[in-house]
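The values are calculated or read from the model by the stated rules, or taken from the named source; none is laboratory data. Everything quoted here is computed from the prediction, not taken from an experiment. Methodologically, a virtual Cβ is constructed for each residue, glycine included, from the backbone with ideal geometry; neighbour enumeration extends over all protein chains shown.
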Amino acid sequence: MSLLNQEITGGRIALVACRIMEPELEAVRQGNQLVEIFYLDQGLHRIPQKMADQVQEAVDQASVTADRIVLGYGLCSNGIVGVTARQQGLIVPRCHDCIAFFLGSAKAYQEDFDSRPGTYYLTPGWIAERKDPLSIIRNEYEPQFGRETAEWVKREELKHYTHIVLIDTGVTDLEPMRKIAQENACFFKMEYVEVEGKSLKYFNKLVKGPYPTEEFIFLDSGAVVTQEMFF
């Protein structure tokens, strides 16, 4: 049986992941000193042309001591295209973005999205990092453009969305997160929905395995992430 399909309990594990997943990944890691997580800023999603360099830097740093390196990223608008595996190889989730992690699988994500096209997803980490739309207006757009223009820009960005969906992963107090998500839905005149995450099962796989080939891609040492791997 391939190592990808087994739970691997020995050796040092390095996970390079977006910081919005910190609540869930820390709940799974539970202080395990053999698991090192390199968190990168969520803002990289908005500049995918620069993401690969930052991810590569973290992979290179992790390769010094890790026995196994896993990416906590999907394809992410081609943001990881060009990342190169080092001597340990590289395990990459076979999904297009990280919402699949929160919903349990790429299939579950697709089914949820198909049932509700026009969905803007929020998670506890997304809100904690102030990356909900209203926080982006206040903290990023308003200082640049002024309030009126900032609101117009964000409304234009979201004009095709119809729902704000808050994913409850069960690792934080949801009430303050719910309030912020509902404020966003009200402000942008979207329908508010809550869905439950799937028992952190994808996050467990990221940290512990197994890594079934239908859900993960394994790159041998020296191989490069390409878009075609995800289709």
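Just a yes or no: is a residue in the stretch 192-203 assigned to a loop (DSSP other than H, G, I, E, B), over 21 Å from Ala85 (Cβ atoms), over 20 Å from the mean Cα position of the chain (by Cα) and of a type in the set (Lys, Arg)?
No, the conditions are met nowhere in the stretch 192-203.
Assess whether Ser105 counts as being polar (S, T, N, Q), within 16 Å of the chain's Cα centre (by Cα) and closer than 25 Å to Gln54 by Cβ. First the steps, then the outcome.
Values: polar (S, T, N, Q): yes; within 16 Å of the chain's Cα centre (by Cα): yes; closer than 25 Å to Gln54 by Cβ: no.
Judged against the criteria, Ser105 is not a match.
Of all residues in the stretch 186-221, which are surrounded by fewer than 20 Cβ atoms within 10 Å (Cβ to Cβ) and without any contact (Cβ under 8 Å) to a residue 60 or more places away in the chain?
Cys186, Phe187, Phe188, Lys189, Glu191, Tyr192, Glu194, Glu196
Counting only residues that are aliphatic (A, V, I, L, M), in contact with a Gly (Cβ under 8 Å, 6 or more places away or on another chain) and outside any loop (DSSP other than H, G, I, E, B), which one in the stretch 214-228 is farthest from Ser105 (Cα to Cα)?
The first filter runs over the stretch 214-228 and keeps only residues aliphatic (A, V, I, L, M), leaving 217, 219, 223-225.
If we keep only those that are in contact with a Gly (Cβ under 8 Å, 6 or more places away or on another chain) as well, we get 219, 223-225.
After this cut, where a residue has to be outside any loop (DSSP other than H, G, I, E, B) as well, the list is 219, 224.
On the way: Leu219: 20, Val224: 24 Å.
Per the stated criteria, the residue is Val224.
If you go through the stretch 31-50 one residue at a time, how many are under 15 Å from the mean Cα position of the chain (by Cα) and among the acidic types (Asp, Glu)?
1
Quick check on my filter: what residues within the stretch 139-197 are at pLDDT 95 or above, under 24 Å from Gly104 (Cβ atoms) and of a type in the set (Gly, Ala, Ser)?
Result: Ala181, Ala185.
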